[in-house]
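Notes to accompany the following structure.
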Amino acid sequence: MLVERMRPHTSTIFAEMSALAVRTGAINLGQGFPDTDGPASLLDDAAANIRAGINQYPPGVGVAELRTAVAAHQRRFYGLEVDPDAVLVTTGATEAIASAVLALCEPGDEVVTFQPYYDSYAATIALAGAVLRPVPLRPPTFGFDPDELRAAFSARTRVVLVNTPHNPTGAVFDREQLTFIGELAAEHGAVVVTDEVYEHMVYDGRAHVPMATLPGMAERTLTISSVGKTFSVTGWKVGWVHGPAELVAAVRAVKQFLTYVSGAPFQPAIATALALPDSFYGQLAADLQRKRDLLSAGLRSAGFTVFDTAGTYFVVTDVRPLGYADGAEFCWSLPERVGVAAVPVSVFCADPELGRPLVRFAFCKRDEVLAAAVERLVAVRAPTG
Ligand SMILES: *Cc1c(COP(=O)(O)O)cnc(C)c1O
């Protein structure tokens, strides 16, 4: 029954792996959601808003307080001047990305993105009838080859979809890489759509660089982020996009007929949370950096090759030193064998070969959960003859 363009995208690996984890009682390091609540003030504000009757349709563009708070956040952290009227609130970053691609791409237009990629990208591009032009990010650094990136562009390139900090690899693009991407986009008249949902999760003193802060890029960039990762409320699905008025108007035209609006009681609460002091944001990154170190060390001692994670919730490993060639096979048997769930990187790739031996683990979990997972993973090595 399903239309052909969606047939390769019928299920998400996260749902399958989470179901398997529940069935086997495994510790779920597959799906990237935190197992602790976000700031109490945020939760209290949202609950109070529901009790106070903020439960009907908010304005189509989002509540004014939140749009103003997003603009203030962009000024505070990046020195970006954003007009609150150029901010559109969406149903998570996912809807912002989908609306942008659907708004900007005619059937047959091309979207350049990096693979592995967040799984909604390929499905969204397929929905739009657009063509995915994936550029590999390879271990150990998960950078791109400039020649391969250049070769992915054509006269039909309409959008460059950039995710930094990057899920699943944990890579954080630096200024030089972003400049190169931006120059190619400008050369080809393409719009850059950036997915920055992990903007506050960069480690070892690194800085997140928004594409829109680079010279000349604000005028061709749609910047997207959301509340789920920053405030540990991945089920709330409130996001936003900002950029040039014309582009945001195009995104809005599509967005209003996808969900129209959402999250009325959450939006004002998030506006307040975005103004939390630097100590909140600093603690978030420090906690996650410690968790990254805990899990990475454990995986290393269990025998995995572990790649450096500069940002996000995730660490990518290579399972070949353990005697396995295929990360998907490894992940399907892992919950049963040792009681831990993880996700194969090949499912994030247009060319599964690229991610064949790679497996992603999420470290956005309580320290004791990570420690228990590490203890179980010691038994992971394949039996040898
Ligand atoms: C979690 C995630 C999203 C989804 O964000 P929502 O606000 O929940 O829609 C988008 N992009 C990446 C890279 C993610 O990891």
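Numbers for the structure displayed
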item	result
Expected-Rg normalisation [2.2 N^0.38 Å, Cα atoms] applied to the chain	0.97
Around I13: net Lys/Arg minus Asp/Glu count, Cβ-Cβ under 14 Å	-2
Dipole magnitude of the range 208-299 about its Cα centre (Cβ charges: Lys, Arg +1; Asp, Glu -1), debye to nearest 20	240
For the range 41-87, Kirkwood radius (reciprocal of mean inverse C-alpha pair distance, Å)	12.1
In the chain, lysine pairs closer than 19 Å at Cα, eight or more apart or cross-chain	5
On Cα atoms only, tilt of 327-338 relative to the major axis of the chain in degrees	60
Solvent exposure ordering (accessible area, 1.4 Å, most first) of R360, R150	R150, R360
Lys, Arg +1 and Asp, Glu -1 on Cβ, resulting dipole of the range 255-300 about Cα centre, debye, nearest 20	200
The chain, relative contact order [Cα under 8 Å, separation at least 6], %	24
For S279, solvent-accessible area (1.4 Å; no DNA, RNA or ligand), Å²	80
Three semi-axes of the equivalent ellipsoid, the range 167-280, Cα gyration tensor, whole Å, largest first	25, 21, 12
Dipole in debye (nearest 20) - the range 188-245, about Cα centre, beta carbon charges: Lys, Arg +1; Asp, Glu -1	100
Mean projection area, nm², convex hull over Cα of the range 92-151	4.4
Net lengthening on full extension, A64/R320 (0.36 nm per residue, minus Cα-Cα)	87.0 nm
Average Cα contact separation per residue, the range 220-326, under 8 Å, 6 or more apart, as relative contact order %	14
Whole-number percent relative contact order across the range 60-118, with pairs defined as alpha carbons under 8 Å at least 6 apart	28
Counting DSSP beta bridges with both ends in the chain, the antiparallel % (nearest 5)	50
Highest-MSF residue in the chain out of A155, A26, A310 [GNM, Cα springs under 10 Å]	A155
K237 accessible area, 1.4 Å probe, all protein chains in place, Å² to nearest 10	80
F114 - accessible surface, heavy atoms, 1.4 Å probe, Å² rounded to 10	10
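The values are calculated or read from the model by the stated rules, or taken from the named source; none is laboratory data. Source: prediction; values computed, not measured. Cβ coordinates were reconstructed from backbone atoms using ideal geometry, including for glycine residues, and neighbour counts include every protein chain displayed. Note: areas computed on protein heavy atoms with side chains; ligands, DNA, RNA excluded. Shrake-Rupley method; radii C 1.70, N 1.55, O 1.52, S 1.80 Å.
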